[in-house]
1. If a residue has to be within 21 Å of residue 10 (Cβ to Cβ), of a type outside the set (A, V, I, L, M, F, W, C), free of Cβ contacts under 8 Å to residues at least 40 places away in the same chain and part of a helix (DSSP H, G or I) to count, how many in the stretch 55-96 make the cut?
2. Could you list all residues from the stretch 49-99 that are among the hydroxyl-bearing types (Ser, Thr, Tyr) and buried (at least 17 other Cβ atoms within 10 Å of the Cβ)?
3. Name the single residue, out of those in the stretch 33-45 being outside any helix (DSSP H, G or I) and not basic (Lys, Arg), that is surrounded by the most Cβ atoms within 10 Å (Cβ to Cβ).
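Every number in this text was worked out from the coordinates using simple rules, so none of it is lab data. Predicted, not measured: the structure shown is a model, and the values here were computed from it. Backbone-built Cβ (ideal geometry, glycine too); neighbour counts: all protein chains shown.
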Amino acid sequence: MATAVLIKHPGSGMMKKGYFGFSWTYLFFGWWVPLFRGEVSIAALHLLLTVFTLSLWQFIMAFLYNKQYMTRMLVDKGFVLADSNAKNTEARIKLGIAL
């Protein structure tokens, strides 16, 4: 089950919910998830891999997608964890992020 954690972009102050853990949403909706999150190229890649692997990719990615998405948001786009200390610590541990 995915756990929500708030993330914030320090430059713009924009707040978003990020998730870590198993993604039921990705399991059921597959490549639509990155598409709705605005990651068109990732969605296209996932669609291609889902078709070629006869949906095995979708099952595997349900375990990995939230971690990869959060890593892209935190590292590539500059967001920081902005929830309670306990939830931030849990997210760091699950996502493998150093302090």
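1. Residues in the stretch 55-96 being within 21 Å of residue 10 (Cβ to Cβ), of a type outside the set (A, V, I, L, M, F, W, C), free of Cβ contacts under 8 Å to residues at least 40 places away in the same chain and part of a helix (DSSP H, G or I): 6 in total.
2. Matches in the stretch 49-99: 50, 65, 69.
3. 39
Let's see how each residue does on (1) within 15 Å of residue 64 (Cβ to Cβ); (2) in contact (Cβ under 8 Å) with a residue 60 or more places away in the chain; (3) exposed (fewer than 13 other Cβ atoms within 10 Å of the Cβ):
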position	(1), (2), (3)
12	no, no, yes
19	yes, no, no
22	yes, no, no
26	yes, no, no
31	yes, no, no
47	no, no, no
